[in-house]
Structure formats: C-alpha cells, structure tokens
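Worksheet: one structure, shown below.
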Amino acid sequence: LEAIGSGATIDADQGVVMGPVKLTPSQQWFFEQEFSEPQHFNQSVLLELREEVNVELVQEAAQLLLRQHDALRLRFEHSDSGWQQFHADASEPVNFSKVDVSTLTADERRSAIEAEVVAAHTSFNLKGGPLLRVVYFDFGAEEAGRVLIVCHHRIVDGMSWRIILEEF
C-alpha cells in the first residue's frame, strides 16, 4: 500500500446521459437475429427479504437505480436504417408495483407470483420502455416480502446484475 500511496479522491460526475448511442456488438448481433418477439428476451431475479421493509423505500431504491444506471433507461427503435438505441429521460418513474398476497394460501401465492412474473416478462416495449420492472410482493406482517426485478437482457448481463443487486 505504501508503494501505491494515497492521493486525493476524484469525484467526476458525468451528468445525466441522454439521447442516442451506438449499439454494442452484442446488441447488434441480437437485433440481427430478427427474433419474432425481441422484447421477451429478459432476465429476472426474485429476492426473498430477510425482514419486513417499508415498501416506499423499496420503490425509492428502484427509482435511484434507474436514475444512477444509464443502461437501465435504454430504449431500442427499429427504422429503415436498422436498430438504434437511445437513453430515455432520467426523470421517468420506475415501473414499480405492489402485489398483496398476504391473504392467499401458499398455492394461491405461488400462482399469483407466477402470473405476475409472466406479466412482467411480457410487458416490455423496446421503444416505449421502460425495460426495467420491479414488483414488491407483500406477504403481510408475519412474513417478509419478496421483490421481483425484471430487465431486458440488452440492458443487463451477469456482471451488471451483481452491481445492481449490491446497490439495491
């Protein structure tokens, strides 16, 4: 550590990223495949919370993720010149919903959660966005809830999941 030394930290705020940006090679490949429903190429995680949380804070944390990570605000549009991507406005609200499953039986809960997962995965619009959806499942006072996070795979990968989940 002595060889590295200690210097001043640099706080470099890049500001809000908005507007068009060139497709990455991975994105270019994806759109060249001409999938029949490219909006359904998603990844998700269902988190089991360890304790009861304030649902408003869960929504606020999701909103901060959307504002902090420019890629979560990407949109994709197809035109005569091919696919293009652009960043949506950083002030857009996060796609967040709360589902109360506290009065349901275990089987009913499972079915309700599965239905909401399917709805989340099929709700994306590549052009209109958003391509991030967060659902809080309220299990009631006796049991901690669950949080579902769904992202289109063109805005998230294995490495970014680690960062997003840590920050969330």
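If only one of ILE113, ILE155 is aliphatic (A, V, I, L, M), touching a strand residue (DSSP E or B) at 6+ places or on another chain (Cβ under 8 Å) and under 30 Å from VAL21 (Cα atoms), which one is it?
Numbers: ILE113 fails: under 30 Å from VAL21 (Cα atoms).
Just a single option satisfies the conditions, and that option is ILE155.
Which of (1) more than 16 Å from LEU47 (Cα to Cα); (2) within 15 Å of the chain's Cα centre (by Cα); (3) of a type in the set (Val, Ile, Thr) is the odd one out, the single condition THR105 does not satisfy?
The failed condition is (2).
Any idea which residue in segment 90-130 is surrounded by the most Cβ atoms within 10 Å (Cβ to Cβ), counting only those that are among the acidic types (Asp, Glu) and touching a residue at least 12 places away in the same chain (Cβ under 8 Å)?
Of the residues in segment 90-130, the ones among the acidic types (Asp, Glu) are 92, 100, 107-108, 114, 116.
In the following step, the residues that additionally are touching a residue at least 12 places away in the same chain (Cβ under 8 Å) were identified as 92, 100, 116.
Numbers: GLU92: 13, ASP100: 13, GLU116: 18.
Going through the qualifying residues, I end up with GLU116.
Got a sec? Which of GLY129, GLY145 is touching a strand residue (DSSP E or B) at 6+ places or on another chain (Cβ under 6 Å) and at positive phi?
After applying the criteria, what remains is GLY129.
Given the criteria touching a strand residue (DSSP E or B) at 6+ places or on another chain (Cβ under 9 Å) and under 21 Å from PHE124 (Cβ atoms), does VAL101 qualify?
The answer is no for VAL101.
Give segment 131-145 a look and list any residue that's farther than 24 Å from ALA88 by Cβ, open to solvent by less than 20 Å² (accessible area, probe 1.4 Å) and part of a strand (DSSP E or B), or say none.
Hit for segment 131-145 is PHE137, nothing else.
What number of residues within segment 20-73 satisfy the criterion of being loosely packed, with under 12 Cβ neighbours inside 10 Å and of a type outside the set (S, T, N, Q)?
13
The values are calculated or read from the model by the stated rules, or taken from the named source; none is laboratory data. Owing to the predicted nature of the structure, the values given are computational and were not obtained by experimental measurement. We place every Cβ from the backbone using ideal geometry, glycine too, and count neighbours over all the protein chains shown. For the accessible areas, the whole protein counts, side chains as well, though only heavy atoms, and no ligand, DNA or RNA atoms are used. Shrake-Rupley method; radii C 1.70, N 1.55, O 1.52, S 1.80 Å.
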